[in-house]
Amino acid sequence: MVAHTLRMALTVDDHTVEMDEDGKEALARFESGKHHLVITDFKLSNMDGLELAEAIKKCSQSTPVIVLTDHADAITTGGGPVSNVDVVLRRPCRLKSFRRRWTSSFPEQRSAHSI
């Protein structure tokens, strides 16, 4: 439900949004196209969000990765096993909070059309 709400909001903001519920499918889609931002849930089938973030950064160190999770307190960024995650957001995440965090963390991405 959170993913679909974010998709609608980002589409209204004139972004192109591609979605996958499977981590391996998401990685294959990322590798086959040009994406300016990756937003992932921590819980995915076949590959969790942290594994996806690691694989994304191996392909493109400059692509920001945001992880949504119910367990944000247990995940920290900037070192250790989740150093490939740029932003961790607690679910449920209000759209206003998401936009504020996104634009403050990635100001160069505000005009990106592929997310």
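The values are calculated or read from the model by the stated rules, or taken from the named source; none is laboratory data. Please read all numbers here as calculations on a predicted model, not as lab measurements. All Cβ positions, even for glycine, are placed from backbone atoms using ideal geometry, and neighbour counts span all protein chains on display.
Does Val67 satisfy the criteria of being buried (at least 16 other Cβ atoms within 10 Å of the Cβ), closer than 23 Å to Ser104 by Cα and either at pLDDT 90 or above or of a type in the set (S, T, N, Q) (or both)? Considered against the rule, which asks whether it is buried (at least 16 other Cβ atoms within 10 Å of the Cβ), closer than 23 Å to Ser104 by Cα and either at pLDDT 90 or above or of a type in the set (S, T, N, Q) (or both), Val67 comes out as no. Any chance region 51-58 includes a residue that's assigned to a loop (DSSP other than H, G, I, E, B), at pLDDT 70 or above and more than 18 Å from His15 (Cα to Cα)? No; the residues of region 51-58 include none that is assigned to a loop (DSSP other than H, G, I, E, B), at pLDDT 70 or above and more than 18 Å from His15 (Cα to Cα). The combined condition, being over 19 Å from Met8 (Cα atoms) and not in a loop (DSSP other than H, G, I, E, B), is not fulfilled by Ala26.
The criterion of being of a type in the set (Gly, Ala, Ser), modelled with pLDDT under 90 and in contact with a helix residue (DSSP H, G or I) (Cβ under 8 Å, 6 or more places away or on another chain) holds for Ala9. For region 26-55, a residue qualifies if it is free of Cβ contacts under 8 Å to residues at least 12 places away in the same chain and among the charged types (D, E, K, R), and exactly one does: Arg29.
Here Asp48 passes the criteria (1) acidic (Asp, Glu); (2) in contact with a strand residue (DSSP E or B) (Cβ under 7 Å, 6 or more places away or on another chain); (3) within 16 Å of Val85 (Cβ to Cβ) except the one numbered (2).
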